[in-house]
Every structure is written in structure tokens, then in C-alpha cells.
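What follows is a set of notes on a single structure, which appears directly below.
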Amino acid sequence: GDYGVRALLGLAVLAKNDVRSKVAAAERGLRFISIDPLMEESLISRQAPHLRLSDPSGSYTLDLRDPWARAVADYCLEQWAFVRNHVPFESAFLRPILNGKTLKDPGTFLEQGFPDAGILTFTFLLPAQKQLPPLQSGAQTAVIRPHERHRRKLTPELEQLALHIASSCCFSTLTTVVRSLSADFTLSTHAAKVLCSWLREMGPSCLAMQCSAAQPLLESVGSAAEDMSDLDLLAPAWVTFCGKFLTAPAPVQDLRTALDFLVAGNPTGHYRFNLASPSEFLAAEYLLATNEWETELAKSKSFPDVSQKGNYQCLRNESLDDESFEYRPEWPLPASGIFQFHIALPKRPTKSSKVISDDAWQRMMEMLSSSQVPALAQVMCLRRASPSLVVNCQQALAAMKALCPDKERKRGKKKKKAKRKKRKKGGRKGLPPASAEALPEHVVRKALFSVLIFRIKDFKSIREVFFEGDGPFAGRDAERNLLECETAFGRLNLLDPARIDSQLHMLNLDHHEDRQICRLILSIVFEENKKKPFQKGQFVPCKYGRRGETALRTLHVVPVWWAEVDPPLHGALAIKMAASKANEKAREKIAAKYMRM
């Protein structure tokens, strides 16, 4: 697939001898490769390995018995070696632990490699390159999209080698090679024109494959003066080739665009973009740039990795045309398709931030709730002002009651009374009125929650206030509401370390977030037990087994090596701490290794 071809071209054949590549292609002895036949596979494949070649930053748990795991560890160590003069080992590798022991001297592993057995866990932070392309004459600012930052320009010799490889490919492989070259390299107009002519020779029976390669090829053309001067030579052929592939945007019903609903200071929420629409494409592009900024900021400050997939990204639940995939910074935004995702920027108010006064907040809620606009429009108005607001949990709860009154519970009581009357009269159940509200209240409540979740100062009480007792997300649908919010905003962002023993945690140890919660629970109990082996009754219950099993195996005593080394790499775990007198400060200190406190 594309991922393997990109690795071969970028790391082996077209490598250059600089700080980002270990050995030049000539030193590897590679002059040419043939990659036909090739299995057709999309860049958004679910089976893509968890390693980004351009930026391998992320959280890793590796079983060194697997050659692939050792290759990942070696690759991360080699990438750090290129920048070791200005990035210390302690800043690049957070909490590197091999078989329960902290790694302090990487020299042995640089020379001899990692051992053939053991469990290695670490979080790798590779700073992004600070060098930006020089501004063109007359340009005021440089707009660098995330997938363009790692592109490099090929030398004339390497470009000729790339064309030589592409010329030997059949049509199905040609499109993959073109996509791979377009994703990682800046091509000259001559190379793009040659590749374009070869794509046209595929004929009308391969239009979809041609389009998948043609769109990124146009973006890869360099912006230097010598490239721009020849762009007019490419334009006529490009228009005749790609004109029929342009997808028309959705019909415009009003003058509002996606940019009107985008709040740069607080974009946390759910988005669904039709990329064929120019305004929605720009909005998606802006959010990807915002995600990159927040990711690099978190890496520079060595914040814990609270991402969904252990890649430090703020994007969650990404899908393109309903096909799930893992977003990578080098992924180019396509020109068409339905791009859907959640974005959660865990930017908490600082300790010095002042909460808005209760009187001012109450007046704001009265003004919004008394307006005649729909509830969702009221939430959007509050989002506009939210970047400059800091609230507490009780004020956020008051906003829920003012803007999203719980009419569903009232309707439920009225329906029960109506049923009783009809039963007495012998009547039948009637159909709902045609004027029923199209937007359920729980949808508006979750939209409001996305506005306020990272503007709450006492965020550690969110779970208790909103999901327990009489909270807006409590009741019969409490578990479903909590699961939806954790999926959208992150399990680690909704966790209260001081009350972590008050709930049963259902964990999938294959997922990064669940492993972090498991590590947090075990670390807290291990410290409170004075680092002694676990005893019977400290976890009630604790069940472990393979995913999909109907009945998990009960563990009366949790193995202490789970805390000293690491939990199992795979499996399902149901765990709950026994109630105990909590030392909140000690728990929060431990939680700071895994959460953004």
C-alpha cells in the first residue's frame, strides 16, 4: 500500500545525506527498485502501522520480542541522535522504562541496539523543524499547512531516479507512486508534467485512480520562481485532465458559511465538513493548523499525552467518507469528501484566572434564555464569548438549566399520566405531533458542554456534578452519556483522580487512553500501599481476559509486576479500587504524569 511505498521511497531510495536521514541512498547500495505488482490500498487504511516516519512523536508500549517493535524503538532513538546537541535525552524521551527500570544512558542502545526481549514504554517528543520556507517576493506572511512542513525538494538526480521508478510501473502502481511522491516531496513543474502525461495514458476506465493521484500532484508543485514561471505550461494539460473530476459543492441555502460557525479561541467540538465546499475546506484546513500548533506546544512543554491514539494529536474519531483512519500531520487534506472528527483542545484556565461573578453570569444566562432564537443558536453565541470566560462547575450547571431545560423528563412524566388516562378510557396510543422538535435536547446539552468543558476552573468536579446525582447527564442514560462524552473529549480529560476509587473502570488495554488510566490506578494503589505487593481485597472487582470473551477471569490478587513494569499489552480489564481514605494531593501528584492538571 501507500504507506510501504512512501517508506521505501523516502527512507531508502530517495534519501539524502542530511540530519534527517541516517545513510544516503548511494551508501545503502540502492540504485533502483521495482514494486510491481502492488496491492491497492488507501492512505487511510485501518491497518497502517502506528509510526509516523516524518514525526514519530507519541506514546509507545513495545514488546521487544517483535522485530517491528525493535525497529520502532531504534528509529525513535536514531531520530533523537540527529538533534541530541540541542535536545537532551530526558526532554525527548519521557519516562523511558525497560522492564520496570528507568533508562538513563542511551549510549549502549545507540551502539548495540535494544535487547531481543522485554517491555519498553516511553513517550517520544521530537520538536518540529523551526526552519520555514523563505517568503516569496511581495508576500507578507507564510501559510504552512501541516502536511507541507516535512516536504523536501528533490535534487535533479533524485528526481530523475523517481521518474525512472515511476516509468516502470503499471497503472495501478503508478497512482500509488505518484501519491507517495506528492505527499513527501516538492516536485518541479517538469516532473509533474511528465507524471501527469503518464496518468492520462491510463484511459477513461481508471478515472477514480487517476483522480486520487492527480489532486495531490498539483499541490506538490514547488512555489519557487523557476517553478511558477513554467506553471502556465502545465495548466492547459491539467485543465483538460482534471476538469471533469472537480466535485461541485453542496447547494447553498443561505449566505452563511462554515467559517461563520468557527470560533478560533475555543474550537472544541464535533465537525462535519464537505471538502468540496471552499469555505468548509478552509475551515477544516484551519482546524488542522490549530491542532498542529497545540500539539507542538504540548510537546515543547512536555505535557502528558492525553490523545486518543497515543500520537499527541487533538483530533479524535476521524473519518473520511465514513471510513475511520488515524490522522497524521503528513496527511494531505483531499479536495472532496466528507471529513468528520472531534477536536478537543485541553487548555485549562490557569491558577491565576478569575472566575466570572455569579451576578454577571446570571444576567448573561437570562439574556440568552429570553431571546427567541433556537437553543443551538444561543449556544453558538455563548461560544463566541467563551474564550474570555472562566466559570466554575456550578455556573456551568446553571447554564445547562437555563439554555437546555430538561423537558424530556417532564414529557416522560406527562406521557405516563396520559397512558394511565387512556388505559382507563380504553383509548389507543396516539402518534407524536407533526410539529415535534427536530433537535433533541440532549444534543444541545452536549454542544453546550463542548463549549464549557475546558473553560471550567474546578474541572476535577466535572464528573461528579454533571454525570452523577441530579446532573444533566445522569439518570437512566448516564452510562451512554458518559461514554459519548469520553469518546468525544477524552477519558483522561473527564477523570477525577481524587475520586478514582468511586467507579468501575472498563478498560481495553489495546487503547492508549485505557492503558494510561490503568497505569494511573495501579500507581495510586502501589504508592498508597507503600510499594508492597498487592493484597486480596484492594481491587473489588478485578477481572481480566481476552477481548470479546463473555466472561472475564477474576483476579483475586493483581500481580505486582503490573505496577512495577507495565500492564499486559492486550486484553480487557474491569477494575475498581477498594474504597479508602484518599490523600488528594498525593493522588493529584501521581495523576500529573498521565493527565493535564
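The values are calculated or read from the model by the stated rules, or taken from the named source; none is laboratory data. Everything quoted here is computed from the prediction, not taken from an experiment. Note: ideal-geometry Cβ built from the backbone for every residue, glycine included; neighbour counts use all protein chains shown. We work out accessible area using only protein heavy atoms, side chains counted, and drop any ligands, DNA or RNA first. Shrake-Rupley method; radii C 1.70, N 1.55, O 1.52, S 1.80 Å.
Just so you know, in segment 480-510 the residues that are modelled with pLDDT under 90 and assigned to a helix (DSSP H, G or I) include one that is nearest to the chain's Cα centre (by Cα), and it is P497.
Residue by residue, here is whether (1) farther than 20 Å from Q313 by Cα; (2) within 17 Å of the chain's Cα centre (by Cα); (3) open to solvent by 40 Å² or more (accessible area, probe 1.4 Å); (4) of a type in the set (F, W, Y) holds:
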residue: S57; (1), (2), (3), (4): no, yes, no, no
residue: D63; (1), (2), (3), (4): yes, no, no, no
residue: D66; (1), (2), (3), (4): yes, no, yes, no
residue: R70; (1), (2), (3), (4): yes, no, yes, no
residue: N85; (1), (2), (3), (4): yes, no, yes, no
residue: F93; (1), (2), (3), (4): no, no, no, yes
residue: L98; (1), (2), (3), (4): yes, no, no, no
residue: T102; (1), (2), (3), (4): yes, no, yes, no
residue: D105; (1), (2), (3), (4): yes, no, yes, no
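Quick check, is E528 in contact (Cβ under 8 Å) with a residue 24 or more places away in the chain, open to solvent by 20 Å² or more (accessible area, probe 1.4 Å) and closer than 25 Å to T121 by Cα? The answer is yes for E528.
On the basis of being charged (D, E, K, R) and free of Cβ contacts under 8 Å to residues at least 40 places away in the same chain, does K536 make the cut?
yes
If you check R519 against the conditions, is it of a type outside the set (A, V, I, L, M) and in contact with a Pro (Cβ under 7 Å, 6 or more places away or on another chain)? Here the answer is yes, as R519 does meet what is asked.
Report the residue count in segment 551-596 for those that are β-branched (V, I, T), in a loop (DSSP other than H, G, I, E, B) and touching a residue at least 60 places away in the same chain (Cβ under 8 Å). Qualifying residue count, segment 551-596: 1.
Listed by first and then second residue, the pairs linking a residue in segment 185-209 that is at pLDDT below 75 and in a loop (DSSP other than H, G, I, E, B) to a residue that is surrounded by fewer than 18 Cβ atoms within 10 Å (Cβ to Cβ) and among the aromatic types (F, W, Y), with Cβ atoms under 8 Å apart and 6 or more places separating them unless they lie on different chains, are M202/F171. The single condition among (1) open to solvent by less than 50 Å² (accessible area, probe 1.4 Å); (2) part of a loop (DSSP other than H, G, I, E, B); (3) of a type in the set (G, A, S) that A335 does not meet is (1). Among what's in segment 464-479 and is in a helix (DSSP H, G or I) and without any contact (Cβ under 8 Å) to a residue 12 or more places away in the chain, pick the residue that is least open to solvent (accessible area, probe 1.4 Å). Among residues in segment 464-479 that are in a helix (DSSP H, G or I) and without any contact (Cβ under 8 Å) to a residue 12 or more places away in the chain, the one least open to solvent (accessible area, probe 1.4 Å) is A478.
If you scan segment 167-182, which residues turn out to be small (G, A, S), in contact with a Pro (Cβ under 8 Å, 6 or more places away or on another chain) and open to solvent by less than 10 Å² (accessible area, probe 1.4 Å)?
Within segment 167-182, the subset small (G, A, S) is 167-168, 172, 180, 182.
Restricting the remaining residues to those that are in contact with a Pro (Cβ under 8 Å, 6 or more places away or on another chain) gives 172, 182.
Selection gives S182 alone.
Checking each residue in segment 511-536 for being part of a helix (DSSP H, G or I) and among the hydrophobic types (A, V, I, L, M, F, W, C) picks out I517, C518, L520, I521, L522, I524, V525, F526. The residue pairs whose first member lies in segment 143-156 and is in a loop (DSSP other than H, G, I, E, B), whose second member is of a type in the set (V, I, T) and at pLDDT 70 or above, and whose beta carbons are closer than 7 Å, counting only pairs six or more residues apart or on different chains, are R151/T186. Quick one: is H164 open to solvent by 50 Å² or more (accessible area, probe 1.4 Å), in a helix (DSSP H, G or I), closer than 21 Å to G4 by Cα and at pLDDT 80 or above? Yes. Whenever a residue of segment 275-298 is over 13 Å from P332 (Cα atoms), its partners that are open to solvent by less than 40 Å² (accessible area, probe 1.4 Å) and of a type in the set (G, A, S), lying with C-beta atoms within less than 6 angstrom and at least six residues away or across chains, give the pairs A276/S336; S279/A258; E280/A258; A283/A258; E296/A128.
Would you say S319 is open to solvent by 40 Å² or more (accessible area, probe 1.4 Å), under 28 Å from R515 (Cβ atoms) and of a type in the set (S, T, Y)? Spell out how you get there, then give the answer.
Details: open to solvent by 40 Å² or more (accessible area, probe 1.4 Å): no; under 28 Å from R515 (Cβ atoms): yes; of a type in the set (S, T, Y): yes.
So S319 fails the test.
Residue pairs whose Cβ atoms lie under 7 Å apart, separated by 6 or more positions or on different chains, with the first residue in segment 58-80 and farther than 20 Å from P567 by Cα and the second open to solvent by 20 Å² or more (accessible area, probe 1.4 Å) and charged (D, E, K, R), are E78/K22.
Tell me the residue from Q112, Q47 that is modelled with pLDDT under 90, closer than 24 Å to P329 by Cα and open to solvent by 20 Å² or more (accessible area, probe 1.4 Å), please.
Working: Q112 fails: closer than 24 Å to P329 by Cα.
Within the list Q112, Q47, the selection yields Q47.
Kindly provide the set of residues from segment 353-372 that are touching a strand residue (DSSP E or B) at 6+ places or on another chain (Cβ under 8 Å) and open to solvent by 20 Å² or more (accessible area, probe 1.4 Å), ordered by number. Explain how you work it out, then say what you get.
From segment 353-372, those touching a strand residue (DSSP E or B) at 6+ places or on another chain (Cβ under 8 Å) are 355-356, 361; that's our starting set.
V355, I356, listed by residue number.
Can you confirm whether A237 is in a loop (DSSP other than H, G, I, E, B) and at pLDDT below 90? Spell out the reasoning first.
On the way: in a loop (DSSP other than H, G, I, E, B): no; at pLDDT below 90: yes.
Spelling it out, it is not the case that A237 is in a loop (DSSP other than H, G, I, E, B) and at pLDDT below 90.
Please enumerate the residues belonging to segment 313-326 that are modelled with pLDDT of 90 or more and of a type outside the set (A, V, I, L, M, F, W, C). Answer for segment 313-326, where residues must be modelled with pLDDT of 90 or more and of a type outside the set (A, V, I, L, M, F, W, C): Q313, R316, N317, E318, S319, D321, D322, E323, S324. The residues of segment 257-315 that are within 23 Å of A592 (Cα to Cα), part of a helix (DSSP H, G or I) and either among the small types (G, A, S) or open to solvent by 50 Å² or more (accessible area, probe 1.4 Å) (or both), listed by number, are W293, L297, A298, S300.
For segment 525-538, how many residues meet the condition of being more than 32 Å from the chain's Cα centre (by Cα) and under 15 Å from H505 (Cα atoms)? Step through it out loud before you land on a result.
From segment 525-538, those more than 32 Å from the chain's Cα centre (by Cα) are 528-538; that's our starting set.
Still in the list and also under 15 Å from H505 (Cα atoms): 538.
Looking only at that region, the number is 1.
Can you spot a residue in segment 339-352 that is within 30 Å of P88 (Cα to Cα), surrounded by fewer than 19 Cβ atoms within 10 Å (Cβ to Cβ) and hydroxyl-bearing (S, T, Y)? So far as segment 339-352 goes, yes, one or more of its residues are within 30 Å of P88 (Cα to Cα), surrounded by fewer than 19 Cβ atoms within 10 Å (Cβ to Cβ) and hydroxyl-bearing (S, T, Y).
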